[in-house]
Amino acid sequence: MAKRKLTSLRTVLLRYLLLCGGGCALILVLWWVIFMQLINIGFLLPAVASAQACAEARETVAAVTAETFDSNQISDLCRWAVVQDDTVLQTNMTARQLKIALNAFHGGSGNLGYQYDVKMADGSFCLLQYDYATPYADPALRDTLPDFQTCYILLLAVLILVWLGWQTHCTVRVFAAETARLHRAVDAIAAQQPERIDADGAHLREFSATLQAMQTMGRELTDSLQSQWRMEQQRAEQIAALTHDLKTPLSIIQGNADLLAEDALSADQQTQVEAILRGTDRAQQYLAALRTACAPSAAGETFSSHILVSTLAETARALCAPAGVQFVLDEQWQGTLCAAQCDLLRAAENLLDNAVRYTPRGGTVTLLVTKEKQDFILRVTDTGPGFTAEALAKAGELLYTEAARSDTAHQGFGLYFARRVALSHSGTLRLSNTPGGCAELRLPICEQIEK
């Protein structure tokens, strides 16, 4: 298949300028040719016709008096006024035209065509005016139609504007088509379907290169996401296998420790057996947390947000009371949610547990429930020291624990699970300092079921 020839942006713009300039020049030439033809066939009079008419009228009026003046002897191409002792005796001018003619007669400025002040035989004056224009040859047309020259110039301007507008429209369509391909390419990348990008459909070289780059980027991004997903799946499978393998030996250790605890033991032996039992209980808790964190997301269901918030409030009070922390509930919105209720409840409880864990005695933990646009917001804030820069960057990763806060009861499952629940619902988990710690769970609300 032959390689398709592409056009550069420079060529498109140069062609646009040439077509605009060349078209305007051609319109001007045709306009002028038609104008001259109308004069040649006698439809229009040449521009000097009015001047010649006024020149003939000058000789006529110079030989007559104000009383013998006959307007029929003067061409209707001229405007005239007979003035005697600053009194206008006769005129065919309008009031405005006459005012300007008299002003020019007395030495002022005039701006309506050209004017001759002709002294008549009795000392009176005849003011003659004419316009350097191309009037209709037929007097009837001059009396009924608007000025031809003005209309013809307006026609030229309209033709030029229409041509420029059409060329601009055609050029814009070219760029709009190329831009639409870029938008479709962005949508394809967002959908992780880079094969939908039509890099060969572009007609402009620069846009084709951009689409090819986006196609390459989309493939690499898709491959990266798929590779990351496979790694996550592999890690989840490994953790599931590990927890399954560890469950049996832990059960054996715990069972034998229970049997030993039933025997008569010395005080030291009893202490050692109790330590073994505590250790196995903690290990069982860790394994249960691992299984929960790596389990698939539950199916969505429709439920009232108030029921969820009420349950969370009871859990929060139970956590805050023994820790000497005050709990504040700020429920600003109630509605209907469509989500995995158990997962969402567990994720929010993890956020509350973290907030209580790092809030000093006498501090406050606040649960805010609100709505922003079409998002359900569940925000937990505390008056603790807040997150470090490292925690803000890495919190939510599986098994991540902040070194300064690491303890035997916190193994990095809580925020990881909360982040996974948010992502499974097309939402986000945001951590910040306000200046205390702040964890915000944001989920989209299903419009079709919202009250």
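When residues in region 185-200 are screened for being open to solvent by 80 Å² or more (accessible area, probe 1.4 Å), touching a helix residue (DSSP H, G or I) at 6+ places or on another chain (Cβ under 6 Å) and assigned to a helix (DSSP H, G or I), 1 of them pass.
Does GLY279 satisfy the condition of being out of contact with any Phe, Trp or Tyr (no Cβ under 6 Å at 6 or more places or on another chain) and at pLDDT 75 or above?
Numbers: out of contact with any Phe, Trp or Tyr (no Cβ under 6 Å at 6 or more places or on another chain): yes; at pLDDT 75 or above: no.
Criteria not met by GLY279.
Only residues that are at pLDDT below 85 and open to solvent by less than 70 Å² (accessible area, probe 1.4 Å) were counted across region 116-138, and they come to 2.
Hey, any hits in region 91-111 for a residue that's in contact (Cβ under 8 Å) with a residue 24 or more places away in the chain and loosely packed, with under 13 Cβ neighbours inside 10 Å? No. ILE27 passes all but one of (1) touching a Leu at 6+ places or on another chain (Cβ under 9 Å); (2) more than 26 Å from LEU154 (Cβ to Cβ); (3) in a helix (DSSP H, G or I); which number fails? All conditions pass for ILE27, except number (2). Of the residues making up region 63-78, those that are of a type outside the set (S, T, N, Q), open to solvent by 40 Å² or more (accessible area, probe 1.4 Å) and free of Cβ contacts under 8 Å to residues at least 60 places away in the same chain are ALA63, GLU67, ASP70. For first residues located in region 219-241 and at pLDDT 75 or above and among the aliphatic types (A, V, I, L, M), partners that are surrounded by 11 or more Cβ atoms within 10 Å (Cβ to Cβ) and part of a helix (DSSP H, G or I) and lie 6+ apart or on another chain with Cβ distances below 9 Å form the pairs LEU221/ILE189; LEU221/PRO194.
Screening LEU28, LEU6, LEU44 for residues that are closer than 30 Å to ALA199 by Cα and either in contact (Cβ under 8 Å) with a residue 12 or more places away in the chain or over 50 Å from the mean Cα position of the chain (by Cα) (or both) leaves exactly one candidate, LEU6.
Somewhere in region 68-80, is a residue out of contact with any helix residue (DSSP H, G or I) (no Cβ under 8 Å at 6 or more places or on another chain), small (Gly, Ala, Ser) and modelled with pLDDT of 90 or more? It would help to see each step written out before you state the result.
Taking region 68-80 as the starting set, the residues that turn out to be out of contact with any helix residue (DSSP H, G or I) (no Cβ under 8 Å at 6 or more places or on another chain) are 68, 70-72.
Remaining after also requiring small (Gly, Ala, Ser): 71.
Narrowing further to those that are modelled with pLDDT of 90 or more: none.
No, every residue in region 68-80 fails to be out of contact with any helix residue (DSSP H, G or I) (no Cβ under 8 Å at 6 or more places or on another chain), small (Gly, Ala, Ser) and modelled with pLDDT of 90 or more.
Assess whether SER424 counts as being within 30 Å of the chain's Cα centre (by Cα), modelled with pLDDT of 80 or more and over 24 Å from THR366 (Cβ atoms). Against the criterion (within 30 Å of the chain's Cα centre (by Cα), modelled with pLDDT of 80 or more and over 24 Å from THR366 (Cβ atoms)), SER424 qualifies.
The values are calculated or read from the model by the stated rules, or taken from the named source; none is laboratory data. Please read these numbers as outputs of a predicted model, since none were measured by experiment. Cβ: placed from backbone, ideal geometry, glycine included. Neighbour counts: every protein chain shown. Protein only, heavy atoms only, side chains kept; ligands, DNA and RNA dropped before computing areas. Shrake-Rupley method; radii C 1.70, N 1.55, O 1.52, S 1.80 Å.
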